[in-house]
Every structure is written in C-alpha cells, then in structure tokens.
Amino acid sequence: MGRQREFDRDTALESALREFWRHGYEATSIASLTAAMGIRPPSLYAAFGDKRRLFDEVVERYQRTHGAFTSRALREETTGRAAVARFLRQAAAEYTDPSHPPGCMVISAAVNCGPGSAEVEESLRRLREVGKAAIAERIAGDVAAGRLPADTDVGALATFYAGVLQGMSTQARDGAGREELERVADLAMLAWPAGDGDRDGPGPDDAERPGRAD
C-alpha cells in the first residue's frame, strides 16, 4: 500500500473551516471536506479524528482568526460604548469580506441542524452566550464608571447588541454589502442609553453616526 502524501495541516484546517462556514456543520460531508482539504479520508481521520472533532478545532481556529475582532474590541477599547461601536463596524467589514464566506460561522454553522447534531448546536449556542456575557461586562463597566445611567438594563442592552450582530451576519449571507451593514451599525449605536458616555470625547464611530443632533 502506498504512503499517504504529506500535507500542510494549517492549510488543510483553513480549507475545512471555509467548508463548514459556507455550508454549515450538518450539510458538510467527509467527501466535501477531503476534496477541499486535498487529502484522503484516512489522512483526515489520522490528523483530526472524526468530523465532530475537526469541527471543534475549526471553531477554535475561527475564533482566533476571522472572528477575533469582537473579543479584541471588547478587550482593547477604554469604554464599553467604544468597544461596541468598534466591533459592529468591524463586523460590517468582516461579514462581507469577499475573500471568505459571508457572515459569522459561529452564528450560522448550526442553524439547520437536526437532532443528530444537537451537541454541535448547543456548543455554538454556548459560545454565543459567552460573547453576549462579555458585551454585558463592558456595558456594566460603563454603568459603574458613571458613563451610563445606574438603572441601565445591562442584560437587555447586551442582548440587543448581540442580536444586531446576529442580524448583520444573516443579512450578509443574504447579500447585504458593507456600506449597508455599516449603516445598520451606526443606527444601532443610536440605541445606546443617554448618559455621560461622551464626556471622554467622541468614540471612533461618532463622526459618521447618522441623525445625531448637535
């Protein structure tokens, strides 16, 4: 029996990521994965285990690469408002980037899963909940710092912005372009509660926010 040819594991993993991203977990077959990765099934199983373990590794890679902009904004910006404004506008760019499938893989990869893929659906739901909790933490920080009113409904506001992200992902998959989603991002920021949020100066999105009266 001939030896399996060597392959670049990182390149193969990125190819698998794009297959799952484009078609979703359940609709992506081993045959389509191996074709995209340029390997045979024995090599896939030897290097990555089964389809589920490959998907778990793909999701981890996605979070470190294409999907890292949200956690990076939440970590780097000095206020919750600036963080939310930044990741919404970056989502408009990332979700419509023509170099890869549209939208967010963590949002869309398990939308149409059946009972046999319930664990995958649940694992992605947990990741989205972790992301929403991180948004809530930054909003709560603005409340504690006096930038937002003390009675701000932190949970509802975090759910709202998580919902905006999910809607932007769906719209991108339906063909919405970057400018259209940037408009959505700007309008979503108009829902930020009135308070002392601008006392440290305008955020990175303020110059382009529509409909704001002076």
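The values are calculated or read from the model by the stated rules, or taken from the named source; none is laboratory data. The structure presented is a predicted model; accordingly, all values stated were derived computationally and were not measured. Cβ atoms come from the backbone with ideal geometry, glycine included; neighbour counts cover every protein chain shown. The accessibility values were calculated without ligands, DNA or RNA, using every heavy atom of the protein model including side chains. Shrake-Rupley method; radii C 1.70, N 1.55, O 1.52, S 1.80 Å.
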Cα gyration tensor shape of the chain, rounded if a/c is under 1.5, else prolate or oblate by comparing a/b with b/c: prolate
Overall form of the stretch 90-156 per C-alpha gyration tensor (a/c, 1.5; a/b vs b/c): oblate
Three-way shape call for the stretch 150-199 based on the alpha-carbon gyration tensor, with the a/c threshold at 1.5: oblate
3J(HN,Hα) from dihedral phi, the stretch 17-32, Karplus parametrisation 6.51/-1.76/1.60, rounded to Hz, x for glycine, proline: 4, 5, 5, 4, 5, 6, 10, x, 4, 5, 7, 8, 9, 4, 4, 5
Value of [θ]222 nm, deg cm²/dmol, for the chain, DSSP H segments ≥ 4, -39500 (n - 2.57) each, nearest 500: -19500 deg cm²/dmol
Average accessible area per residue (Å²) across the chain - probe 1.4 Å, nucleic acids and ligands excluded: 51
Carbon + sulfur, % of accessible area of the chain - ligands and nucleic acids excluded, 1.4 Å: 51
Estimated distance in nm for a label pair at R72 and D8, the labels positioned 7 Å out from Cα along Cα-to-Cβ: 2.1
For the stretch 75-91, Karplus couplings with θ = phi - 60° (6.51, -1.76, 1.60), whole Hz, Gly/Pro x: 7, 9, 6, 7, 10, x, 4, 5, 5, 5, 4, 5, 6, 5, 6, 5, 4
Separation in nanometres of the label points that stand 7 Å from Cα toward Cβ, at E119 and E137: 2.7
